[in-house]
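See structure below.
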Amino acid sequence: MENLTFSLSKGRLTDDAVALFDKIGLKTNIDNSRKLVFQCGTNTFFLSKPGDVPTYVEYGAADVGIAGKDTILEEKRNVYEILDLGIGRCIMAVAGNKEIKNYDFVRVATKYPNIAKDYFDKRNQKAEIIKLNGSVELGCIVGLADVIVDIVESGRTLEENNLYVLEKICDISARVIVNKASLNVKHEAIWKLINNLKNVRECEGIK
């Protein structure tokens, strides 16, 4: 696994991915400093915002990236999604008050406008998508929106705000994404990485 550049983001997904890297002998040297780029042998690791990871991979600034399926779907970048790491599992869902489920037209508050638009377009349901950057649950609470589209883990936040999952959109977990040119040029190194990660995942019973 020589001479690869990885795009990662600070957060739990990357922490879990780095733990998997350690188990296959791939050291990252990532620490809690404010550094953005970490060199370990001939491999380079750099940290960015989660939404930027697919962009760095598409344009070849990184050979490999770790990104949530939500980020991949939202950013719609031209990358190969190679492996589901099976970590950080949750769902993307439509949530709101129970009685809103069958409305012909809805206003949707979300951090994921592309995912929300694609979902309602596939259902041939009219929807006005409202992009929010903070707690999207508030959109329903104050009457800005009828429903929200957001990641749901335990569902506790929804429950505490009298909101409910109405429809599951898709499963979310951390994925390995790869630059298309890198997969050709660095074929051996990338597939060695992928196969080693698959083996660790299988040994730990991650599905």
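The values are calculated or read from the model by the stated rules, or taken from the named source; none is laboratory data. Note that the coordinates shown come from a computational prediction; the quantities given were computed from them, not determined experimentally. No Cβ is skipped: glycine too gets one built from the backbone with ideal geometry, and neighbour counts run over all protein chains shown.
Quick notes on this one:
- Residue check, Ile87 more than 23 Å from Leu166 (Cα to Cα) and modelled with pLDDT under 95: yes
- Residue in segment 12-33 that is assigned by TED's automatic domain parsing to the domain that holds Lys198, at pLDDT 95 or above, in contact with a strand residue (DSSP E or B) (Cβ under 9 Å, 6 or more places away or on another chain) and under 18 Å from Arg175 (Cβ atoms) present: no
- Every residue from segment 152-184 that is more than 20 Å from the chain's Cα centre (by Cα), surrounded by 14 or more Cβ atoms within 10 Å (Cβ to Cβ) and aliphatic (A, V, I, L, M): Leu158, Leu163, Leu166, Leu183
- Residue in segment 95-140 that is modelled with the highest pLDDT, counting only those that are part of a strand (DSSP E or B) and basic (Lys, Arg): Lys131
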